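> Take this structure first; my questions come after.
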Amino acid sequence: MSQLEEVKKEIDSLREEIRLHDYKYYVENQPVISDAQYDRLLEKLIKLEEEYPQLITPDSPSQRVAGTPSKEFEQSKHIAPLLSLANAFSEEDLQAFDKRVKKILGYSHDKGIEYVCELKLDGVAINLTYEKGTLTKGATRGDGTTGENVTANLKTIKAIPLKLRKSAKVVSFIEVRGEIFMEHEDFKKLNKEREKAGESLFANPRNATSGSMRQLDPDITAKRRLNILVYGIGAIKGIKFNNHSDILKYLKELGFRINKNTKICKNIDDVIKFCRLWGDKKKSLAYDIDGIVLKVNSIKEQEKLGEVTKSPRWAIAYKFAPAQETTKIKDIIVQVGRTGALTPVAVMEPTEVGGVTVSRATLHNEDEINRKDVRIGDTVVIQRAGDVIPEVVSVVKAKRTGKEKKFSMPHECPVCGEKVVRPKGEAIWRCANIACDAQVKERISHFTSRNAMDIEGIGEAQVAQFVENNLIDDPADLYFLKKEDLLPLERMGDKLTSNIIDSIQKSKNQDLPRLIFALGIRNVGEHIAEVLTSYYPSLDALFKAKRQDLEIINEIGPTIAQSIVQFFAQPHNREAINKLKKAGVNLELKQKPTVPKILSGKTFVFTGEMEKLTRDEAGRIVKELGGKITSSVSKKTDYVVAGASPGSKLTKAQKLGI
Ligand code: IVH
C-alpha cells in the first residue's frame, strides 16, 4: 500500500468514527464519548486533510463549515414539488376530511382509514438532495417549485447527515423533506446575546430559524443551534414503499432524526384523541408546534386520492387554537407606524405564551378598546398565534377592583406633537406629519428589512441612531452615507461600518418587486408588489400608471390602486425616487416574465366600448401574448373584439366571416 493509500484509509476510518459520534449525539441523543474526545478526533482529521488536501471530500465531517460567505443564494429547483397542506380548525373539519377520503376511495362510512399522525413543527421547510448517498444540495421551500440553495448553511447542522448510513439500502437519488427549527432554550439564548450586542431581536423561534438559514456567512449559521426533524420523501429512485410509516422507518435507518411522537391511528376517532392529547401536551415540548399533520398511511390510497392545486388530498394539518394566557395591563402606550397610524399597545406584566415571553400586545385601535372595554390595570386574556403580533382578546371583568383607569387616544402625535386625524369611516387615528420621526424611522426600517431591500447590519437600533444624528431622513439617503458619517457614532467600529456600507451598496441590485415593497406604499405587500411588476416592469412605468389602468389588474382593487397613485403624487415620495435613481438603485425588473405567446401571428381589431379594459390595456395584453393590433378590418384580420355600440367594423367583419 502506498503512503497516500495508507493516509486515505486512516482518514476514512476517522470520518466513519466521527459520523458515528455525530449520529449518537445529534440523532440518538446518546453520546458515548466526551466532547473533548470528539474534538480530538475532528482535529486529527482536519490536520490530515490539511496535509493531504487532495483527499478532502464534500461529505467529510470537516466540511460542515465552508467558511466562505456567498454573495447571494442561488435558485434551486426541486425535482418533486414541495406541497403544502390544507388546514382543519376543528374536530368537525377532521370528520369532514375523513368522510371525503372515504368517499373518494369508495369505502363505506364505517370503514376505518389508517392515518399516521405527526406533530406539525413550526419551523422552516427544507429539501435535502442526496446523490449516491452524499448530501449534494439543501434548499428552502421557496414557492414549492424553486427555493434557495442554502447547502453551506445546512451542512453546519450536525443532525443532517452529510453521508447516509449504510444500515438501509442507499439509493442513487433521494430528496428528503423536513423541518429546521430552534428549541426554546436556544432561541432565548440567541436573543439574549443579540440584546447585549445591540442587535434587533427575533420575534419567535421560527423567525430566528429562518433568519439563521438565510445567513450569507455559514460561520454565523454554525453558531446558531439549529435542529432538524424529517417527515417525508420527495423524488426517489429505486424504492417503492407500501406505507408512509415505512418511509419514516427508512429515513430513520438512513441516519435522520424523525419525531418520536408519531402515531399510527386506526381511524379518525383515534386521530382526534391524538390531537386532543397534544393540544394539552404541546407545552411540555422543547420546541414550537402549531398543530398535527395527519397522513393516509397507505401509499396506494394516497395515489388514488391524488392532489389538488398544490396540496395533497391524503393529508391535512389540524391547527391548534392559538395559545392564550392571562396577565395584567400596566399601561397603554401609543405607537406610530410608518404610515402615521397610531396603534394603542398594552404594556403588560411579562408572561409566557406558547413558549415566548410577551410583554406587549396590540389593542388594534380606538374602537376595539371601546368594544372590549379595556382599561389600564385590567387583567386580560392575551393570545399569540404563530407569527401574528400578540393581541388582547378580552378583559377578565371579575378581577376588576374599581381602580382601573379608562384610556383615551391622544389628540397629538406622541412622537412629534402634531395634530392627529381620524378620517371619516376609518378606525385609525393618523399623524399627518410625514416628517414625524416615528414615521421616518419606521419607513426606513421597513425599507431595510429582510423581505424588502434586505440590508444586513441595519436594524431598528441603527436606523434610530442614523435618524437621530440627522444623517438620513428618507430611505434613499442611505445610499449616500459614507464611512466617515458613521464612524463617529457610538458602537460603530471600522469593520462594522465597512460592512454596513457594503450591504447598503449591495442592496442597489435587488430586484424590482422588493424595491416596490420596500417603498412602503399603503396596502402594497410583497405579493401585490410581485403582481404589479408583471404589468409594470420598471418603477418609471408604475410611476406613470393611472388609477383606471391599475384597477383592471386582477387582485388590485380601487383601494390599492388609489394608494399607489397617491403615493407617487406626493412630492416627498417623488423626490425620494429621484434620489434612488441618482444613487444607481436598480429600478427595473430583472427577469421579464415569460408569457406564452399564444396569440403569435394573430391580428386583432377593437371596436366599441369595453366594460372592464381600456383600449390601451386590452391592446397591451394582446401584444404581450404575441398578437398584433390593426385599426381596420381586412381579410387578414383574425379577431374582431366588439364592445358596446360597435361601429361599422363589426358589420364588415361579419360580412367577411371573421
Ligand atoms: S407534510 C404533502 N409533515 O407544514 C406533505 N409538513 O404546509 C406536505 N410541516 O411548511 C408536508 N411538520 O414544512 C408535513 N410532520 C409534518 C410537518 C410538516 C411541519 C410543515 C411543512 C410545511 C407545512 C405544510
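> Quick check, is V345 hydrophobic (A, V, I, L, M, F, W, C), more than 23 Å from the chain's Cα centre (by Cα) and within 22 Å of I376 (Cβ to Cβ)?
When the stated conditions are applied, V345 passes them.
> When you scan the range 318-327, do you find a residue that is closer than 30 Å to Q95 by Cα and modelled with pLDDT of 95 or more, even just one?
Yes; the residues of the range 318-327 include at least one that is closer than 30 Å to Q95 by Cα and modelled with pLDDT of 95 or more.
> Please list, ordered by first then second residue, the pairs with beta carbon atoms under 7 Å, 6 or more apart or interchain, first in the range 297-326 and free of Cβ contacts under 8 Å to residues at least 12 places away in the same chain, second within 15 Å of the ligand (Cβ to nearest atom).
Matching pairs, first to second residue: G306/R313.
> Here's a follow-up. Give the residue that is nearest to the ligand (Cβ to nearest atom), with candidates limited to residues of the range 190-214 that are more than 24 Å from G354 (Cα to Cα) and in contact with a Lys or Arg (Cβ under 8 Å, 6 or more places away or on another chain).
R214
> Let me ask another. Looking at N523, is it in a loop (DSSP other than H, G, I, E, B) and surrounded by fewer than 14 Cβ atoms within 10 Å (Cβ to Cβ)?
When the stated conditions are applied, N523 does not pass them.
> When the range 204-238 is examined, which residues are found to be hydrophobic (A, V, I, L, M, F, W, C) and either surrounded by 16 or more Cβ atoms within 10 Å (Cβ to Cβ) or part of a helix (DSSP H, G or I) (or both)?
A208, M213, L216, I220, A222, L226, I228, L229, V230, I233, I236
> Can you work out which of the residues in the range 121-130 that are in a strand (DSSP E or B) and not aliphatic (A, V, I, L, M) is nearest to the ligand (Cβ to nearest atom)?
My answer is N127.
Each row is one residue, and each column tells you yes or no for (1) of a type outside the set (D, E); (2) without any contact (Cβ under 8 Å) to a residue 60 or more places away in the chain; (3) out of contact with any strand residue (DSSP E or B) (no Cβ under 9 Å at 6 or more places or on another chain).
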| site | (1), (2), (3) |
| --- | --- |
| R165 | yes, no, yes |
| S172 | yes, no, no |
| E183 | no, no, no |
| L190 | yes, yes, yes |
| E193 | no, yes, yes |
| D217 | no, no, yes |
| T221 | yes, no, yes |
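> Quick one: V415 ticks every box in (1) modelled with pLDDT of 95 or more; (2) out of contact with any Gly (no Cβ under 9 Å at 6 or more places or on another chain) except a single one, so which number is it?
It is condition (1) that V415 fails.
> So, in the range 64-120, of the ones that are in a strand (DSSP E or B) and buried (at least 19 other Cβ atoms within 10 Å of the Cβ), which residue ends up modelled with the lowest pLDDT?
Filtering the range 64-120 for residues that are in a strand (DSSP E or B) and buried (at least 19 other Cβ atoms within 10 Å of the Cβ), the one modelled with the lowest pLDDT comes out as A88.
> Taking the condition aliphatic (A, V, I, L, M), in contact (Cβ under 8 Å) with a residue 60 or more places away in the chain and either over 28 Å from I292 (Cβ atoms) or touching an Asp or Glu at 6+ places or on another chain (Cβ under 7 Å) (or both), does I113 pass?
Against the criterion (aliphatic (A, V, I, L, M), in contact (Cβ under 8 Å) with a residue 60 or more places away in the chain and either over 28 Å from I292 (Cβ atoms) or touching an Asp or Glu at 6+ places or on another chain (Cβ under 7 Å) (or both)), I113 qualifies.
> Another question, then. Any residue that is out of contact with any Phe, Trp or Tyr (no Cβ under 6 Å at 6 or more places or on another chain), touching a residue at least 12 places away in the same chain (Cβ under 8 Å), open to solvent by 70 Å² or more (accessible area, probe 1.4 Å) and farther than 30 Å from P322 by Cα - is there at least one of those in the range 9-24?
yes
> Quick test of your reading of the structure: E148 fulfils all but one of (1) assigned to a strand (DSSP E or B); (2) at pLDDT 95 or above; (3) not aliphatic (A, V, I, L, M). Name the failing condition by number.
Failing condition for E148: (2).
> Right, another one. Considering only residues that are closer than 26 Å to I180 by Cβ, within 16 Å of the ligand (Cβ to nearest atom), open to solvent by 20 Å² or more (accessible area, probe 1.4 Å) and of a type in the set (S, T, N, Q), which ones fall in the range 268-301?
Within the range 268-301, none qualify.
> Tally the residues that are closer than 15 Å to A464 by Cα and in contact (Cβ under 8 Å) with a residue 12 or more places away in the chain, restricting the search to the range 482-498.
5
> Name the single residue that is farthest from I598 (Cα to Cα) among those in the range 639-649 being outside any strand (DSSP E or B) and open to solvent by less than 50 Å² (accessible area, probe 1.4 Å).
Among residues in the range 639-649 that are outside any strand (DSSP E or B) and open to solvent by less than 50 Å² (accessible area, probe 1.4 Å), the one farthest from I598 (Cα to Cα) is G647.
> OK, next. Can you say whether D59 is crowded, with 17+ Cβ neighbours inside 10 Å and not aromatic (F, W, Y), as far as the supplied structure shows?
Against the criterion (crowded, with 17+ Cβ neighbours inside 10 Å and not aromatic (F, W, Y)), D59 qualifies.
> What number goes with the only condition from (1) of a type in the set (V, I, T); (2) farther than 30 Å from K273 by Cα; (3) modelled with pLDDT of 95 or more that T156 does not pass?
It fails just one condition, (3).
> Every residue in the range 449-483 that is open to solvent by 50 Å² or more (accessible area, probe 1.4 Å) and touching a Ser or Thr at 6+ places or on another chain (Cβ under 9 Å), please.
R450, E456, E460, K483
> Next question. Going residue by residue through the range 134-144, is there one that turns out to be under 30 Å from A361 (Cβ atoms), more than 14 Å from the ligand (Cβ to nearest atom) and not basic (K, R)?
The answer is no; no qualifying residue exists.
> Another question, if that's okay. Look through the range 272-304, keep the residues that are closer than 21 Å to A125 by Cβ and in a strand (DSSP E or B), and return whichever of them is farthest from the chain's Cα centre (by Cα).
V296
> Which of the residues spanning the range 484-513 are assigned to a helix (DSSP H, G or I), open to solvent by less than 80 Å² (accessible area, probe 1.4 Å) and under 30 Å from S534 (Cα atoms)?
S503, I504, Q505, S507, L512, P513
> Hey, can you tell me all the residues within the range 239-271 that are more than 30 Å from the chain's Cα centre (by Cα), at pLDDT 95 or above and in a loop (DSSP other than H, G, I, E, B)?
Selection gives F241, N242, K266, N267.
The values are calculated or read from the model by the stated rules, or taken from the named source; none is laboratory data. Worth saying up front: this structure is predicted, and the values here are computed from it rather than measured. Every residue, glycine among them, receives a Cβ derived from its backbone with ideal geometry; neighbour counts consider all protein chains shown. Accessible surface is based on the protein model in full, side chains and every heavy atom, while ligands, DNA and RNA are left aside. Shrake-Rupley method; radii C 1.70, N 1.55, O 1.52, S 1.80 Å.
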